[in-house]
1. For the range 118-135, which positions are under 22 Å from residue 192 (Cβ atoms) and assigned to a helix (DSSP H, G or I)?
2. Can you pull out every residue in the range 108-117 that is buried (at least 16 other Cβ atoms within 10 Å of the Cβ), free of Cβ contacts under 8 Å to residues at least 60 places away in the same chain and not in a strand (DSSP E or B)?
3. Can you say whether residue 96 is in a loop (DSSP other than H, G, I, E, B) and surrounded by 21 or more Cβ atoms within 10 Å (Cβ to Cβ), as far as the supplied structure shows?
4. Restricting the search to the range 243-270, which residues are in a helix (DSSP H, G or I), out of contact with any helix residue (DSSP H, G or I) (no Cβ under 7 Å at 6 or more places or on another chain) and touching a residue at least 24 places away in the same chain (Cβ under 8 Å)?
5. Name the single residue that is nearest to residue 341 (Cα to Cα) among those in the range 305-324 being part of a loop (DSSP other than H, G, I, E, B) and touching a residue at least 40 places away in the same chain (Cβ under 8 Å).
6. Across the range 8-22, which residue is surrounded by the most Cβ atoms within 10 Å (Cβ to Cβ) among those that are out of contact with any strand residue (DSSP E or B) (no Cβ under 7 Å at 6 or more places or on another chain) and part of a loop (DSSP other than H, G, I, E, B)?
7. Give just the number: which of (1) over 16 Å from residue 157 (Cβ atoms); (2) in contact (Cβ under 8 Å) with a residue 12 or more places away in the chain does residue 48 not satisfy?
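The values are calculated or read from the model by the stated rules, or taken from the named source; none is laboratory data. Values in this document were obtained by computation on a predicted structure and should not be read as measured data. Neighbour counts are summed over all protein chains in view; Cβ atoms, including those assigned to glycine, are modelled from backbone coordinates with ideal geometry.
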């Protein structure tokens, strides 16, 4: 019996070794920087062209269908439209929350935190986004229906840009919000409460549009750095877990069949149990350049029966510096470590920068398809 992609996805989420390891690419975190897209297409013997910007901040692009097919990608992502953007000039814009971004050359970075040094009373009068803007999800229902009826791809609802924590940091300022956690918890909770309510409203509209057609939803918020968490686990439990969990609960109440994939970079091993508690089904990106996540066999052994994993192919060192044969061995290792017992989707663990040789990407996807079938075969 030949299973289609959605059947394999269901079995993967049920932690069964059925069919093969699925492969993903093309969502908000995990796409290709615009400066490298044409060279990648050239290496794949596809017509060289630029791509439509997917993420204004990171300057990554939407991968064209011919590239997704050439790489054998099993997922297709619905991308919310960028709305309520205020264009300042060629180098500056404000997003829907009013945060100012500046062109840094390769990407746009936060340039102004509009709530920094503002008292808590300002939160009531701040010009919050229109969460009922129909343009945010225009056309997505039709695309979701088409993909559902005409293909067997796993359909994902890519995240609305930002997250509860990220947006709060951008509004209040990184240094100020961390100080608030310690010195002004009332302000922290008031801001997180407001931002959470806004995201709940937006995701309610999103799920009403596409919920019946999709298999998973993607949320993003970074809790870890390269060497540690961005806050203590206790502080995460107090300030972030309740709000993130509330949003996840809201999404699953509207689309009970969906799986929730959550992106957090960095050293987050101390809170994996907490993320499971708050309803995360799939942990992304499994940043293997972080020391505590490098041992993916141990990670799977300790948590793999309760959560699935997505990513694990390092873009900081391995994909940049390794030879194609070294990449082949790395792919085999991660597939055999994390694919044991099911519950693994392979992908690069972050965006594909233009510092990654296109030949290495080609080698990566060739190796994925060489080793993806169950039963898994470890080379060493």
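1. The answer is 122, 123, 124, 125.
2. 114
3. Here the answer is yes, as residue 96 does meet what is asked.
4. Those that are in a helix (DSSP H, G or I), out of contact with any helix residue (DSSP H, G or I) (no Cβ under 7 Å at 6 or more places or on another chain) and touching a residue at least 24 places away in the same chain (Cβ under 8 Å): 245, 248, 249, 252.
5. The qualifying residue nearest to residue 341 (Cα to Cα) is 305.
6. 19
7. It is condition (2) that residue 48 fails.
Every residue, every condition in (1) surrounded by fewer than 22 Cβ atoms within 10 Å (Cβ to Cβ); (2) touching a helix residue (DSSP H, G or I) at 6+ places or on another chain (Cβ under 6 Å); (3) part of a helix (DSSP H, G or I); (4) in contact (Cβ under 8 Å) with a residue 24 or more places away in the chain, yes or no:
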residue: 143; (1), (2), (3), (4): yes, no, yes, yes
residue: 148; (1), (2), (3), (4): yes, no, yes, yes
residue: 188; (1), (2), (3), (4): no, yes, yes, yes
residue: 213; (1), (2), (3), (4): yes, yes, no, yes
